[in-house]
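Chemist: Pasting a structure below so you can have a look.
The values are calculated or read from the model by the stated rules, or taken from the named source; none is laboratory data. Keep in mind that what you see is a predicted model, and the values were worked out from it rather than measured. Positions of Cβ are generated from backbone atoms using ideal geometry, with glycine treated the same way; all protein chains shown enter the neighbour counts. We work out accessible area using only protein heavy atoms, side chains counted, and drop any ligands, DNA or RNA first. Shrake-Rupley method; radii C 1.70, N 1.55, O 1.52, S 1.80 Å.
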Amino acid sequence: MTIADTVLLNGRVFCGLAEGFAEALALAGGKVLAAGSAEDIRSLQGPGTTIVDLAGRVAIPGLNDAHMHLLPLGLGMSEVNLRPEEGVTSMAELLRRVGAAAKGKMPGEWVFGRGYDHNELAELRHPTAEELDRVAPDNPVYIKRTCGHVGVINSRAMQEAGIGHNTPSPDGGLIERRDNRLTGLLAESALRLVVEAMPRPSAAQLREAIEKAGHYMLSQGFTSVMDAGVGMTAGMDEIAAYEEAAREGALPVRTWVCIYGNADGIGDEAHAAGYRFGREIGLLRYGAMKVFGDGSAGGLTAAMSEPYIVGDPDNRGIFIYPDERMHAFLKHYHELGYQLAIHAIGDAAIEQVITGIEKADSAEHPIKGRRHRIEHCGFLTDAQLARMAGAGIDPLPQPCFIYEFGDLYVTNLGEQRAHSSYPMRKWLDGGLHAAASSDAPVCATDPFKNLFTMVTRKTKRGTVIGEDQRISMEEAVHAYTALGAYTQFAEERLGRLVPGQLADIAVLSHDIFAVPVEMLENEVRCDLTLLGGEIVFDRHGQMAAAAQ
């Protein structure tokens with residue numbers, strides 16, 4: 001009989017959607033040994049077994065953020081925080097924070113900020129280059145809207161990026177002008193002009209960002225993530241930083257690498273260098289390729305078949321690429337063996353992507369079994385959902401978009417389109433593997449607000465968006481664990497707490513299956529995180545105290 005290294009007792013253990021709950025859990029050799037009654041699990045204890053007293057709490061499989069940006073999240077921790085929940089609800093406060101950051105820098109040093117939402121500012125508009133000039137006259141400034149698809153720069157940043165009054169908007173992008181004057185606002189591919197001009201982070205900064213963000217994810221119960229666009233900021237240097245961290249055992253979380261494959265990306269270079277589907281080193285695994293199809297619904301740039309109902313009456317959003325070029329990308333990366341992870345939010349962009357994947361199908365390179373994904377996939381039709389199911393294409397949604405931006409969807413698109421967005425109930429009932437995620441730093445990584453939203457469909461203002469798309473708490477945790485594992489070809493390794501699977505576990509402060517769901521919005525936290533059976537986060541020092 002194998003003796004357990006660790007046992008979890010005196011609470012409940014959610015083992016998986018099909019498996020349900022157990023009273024206790026035993027771990028050995030970094031994997032789940034057994035799940036069952038407290039009596040059965042106690043029989044597996046030995047003198048050296050570590051006992052985790054759940055004390056009425058619940059243990060769940062380690063969470064999996066199946067679409068977020070780990071490295072940018074870490075880099076952003078040193079940027080100016082402009083998120084509304086952090087108090088930036090007026091133009092004055094936004095400008096005050098940017099100005100304060102500029103005062104701490106030498107002339108010519110860049111000031112970066114992230115997370116403002118013009119719809120949450122009292123003025124209900126974006127800042128302008130002139131306003132940023134007033135508070136940071138000697139520094140290039142680049143601040144990004146929360147969606148990451150729209151940003152504003154000041155005059156110094158325009159100079160650095162080579163943007164002048166006669167610079168045309170690039171294909172798939174926008175350099176905004178009003179009354180023939182540059183406003184400083186850029187959207188979609190135009191943002192690349194700034195990215196190419198700003199200083200690249202050093203190797204040390206990239207490595208620090210990965211580790212800092214990874215440990216932060218562990219503190220919230222995440223043991224797996226997908227970094228959805230490796231190479232977007234610093235090219236191949238980002239892969240080098242990940243490889244080094246993985247080789248040295250310093251990568252905190254299991255990471256599924258999704259390479260940035262746009263025209264200005266590193267897709268072919270990474271493939272030629274050997275960073276292909278199936279490569280694995282430590283906690284690092286490669287498999288996906290990212291291409292952007294459109295923008296964001298909040299930023300009025302997601303490509304829709306019908307116009308937005310605010311602003312320009314003819315605005316249907318932005319396609320990053322025309323059909324022929326997008327379809328060529330999809331066929332190329334499909335035939336190179338990558339899982340496609342294609343950003344498409346509006347129904348018109350989703351149509352472009354589904355059609356392109358269908359066209360890439362061939363006897364030599366069938367699409368079935370490749371688990372291609374449409375990232376976000378927010379505003380699809382029932383007919384598109386059925387085609388996705390038939391082709392084995394999965395959506396990769398962010399339920400927290402409903403929480404953060406649901407009210408804005410009503411404003412921008414009307415109630416009908418808003419209420420049918422991100423249809424978790426339809427996806428699950430249709431047999432699609434709709435793995436939950438945050439798209440951080442677009443949204444906060446907080447998993448409990450995401451779970452709250454899946455179960456209630458409530459926005460942060462309390463508006464119910466698409467009540468018929470609610471799912472149960474068990475289904476929501478399933479979407480945040482086992483379905484994430486499936487999208488990363490890891491369902492046999494992790495995502496459930498069953499014998500033989502990796503002992504990746506989150507112990508929560510409350511039993512989320514029993515307490516009022518409203519507690520998840522602000523009260524529930526992760527108390528303990530185990531990765532491969534090892535305790536890697538202990539909020540209250542519980543295990544250290546027990547060992548004394």
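Chemist: How high is the relative contact order of the chain, given as a whole-number percent (alpha carbon pairs under 8 Å, six or more residues apart)? Could you put the intermediate results ahead of the total?
Modeler: Details: 1251 pairs, mean separation 88.3, N = 548.
Relative contact order comes out at 16 percent.
Chemist: Let me ask something else. Cα axis of helix 347-360 to longest principal axis of the chain: angle in degrees, 0 to 90, nearest 10?
Modeler: That works out to roughly 70 degrees.
Chemist: For the chain, give me every cysteine whose Cβ has no other Cys Cβ within less than 4.7 Å, ordered by residue number.
Modeler: Lone cysteines by the Cβ rule: C15, C147, C258, C377, C526.
Chemist: How many times 2.2 N^0.38 Å is the alpha carbon radius of gyration of the chain?
Modeler: Details: Rg = 23.2 Å, N = 548, 2.2 N^0.38 = 24.2 Å.
Working it through for the chain, the quotient is 0.96.
Chemist: Would you mind checking the tilt of helix 447-456 against the longest principal axis of the Cα atoms of the chain, expressed as 0 to 90 degrees and rounded to 10?
Modeler: Relative to the chain, helix 447-456 is tipped by roughly 90 degrees.
Chemist: Carbon and sulfur atoms: what percent of the 1.4 Å accessible area of segment 141-202 do they account for? Don't skip to the answer; put the middle values down first.
Modeler: Values: 1230 of 2770 Å².
Carbon plus sulfur share of accessible area: 44 percent.
Chemist: Note the full-extension length gain between M519 and N10 as 0.36 nm times their separation in residues minus their Cα-Cα distance, in nm to one decimal.
Modeler: Length gained between M519 and N10: 181.1 nm.
Chemist: Please go through the residue pairs K426/K449; K426/K458; K290/K331; K359/K426 and name each one whose alpha carbons sit more than 19 Å apart in this structure.
Modeler: Violating the 19 Å limit, Cα to Cα: K426/K449; K359/K426.
Chemist: Give me the percent of accessible area attributable to carbon and sulfur for segment 268-380, probe 1.4 angstrom. Please report the intermediate quantities before stating the final value.
Modeler: Working: 2180 of 4300 Å².
On segment 268-380, the fraction of accessible area on carbon and sulfur atoms equals 51 percent.
Chemist: In terms of the ratio Rg/(2.2 N^0.38 Å) built on C-alpha atoms, what value belongs to segment 196-263? Working shown, then result.
Modeler: Details: Rg = 12.0 Å, N = 68, 2.2 N^0.38 = 10.9 Å.
In units of the 2.2 N^0.38 Å rule of thumb, it is 1.10.
Chemist: Rounded to the nearest whole Å², what accessible area per residue is found for the chain with the 1.4 Å probe?
Modeler: 37 Å²
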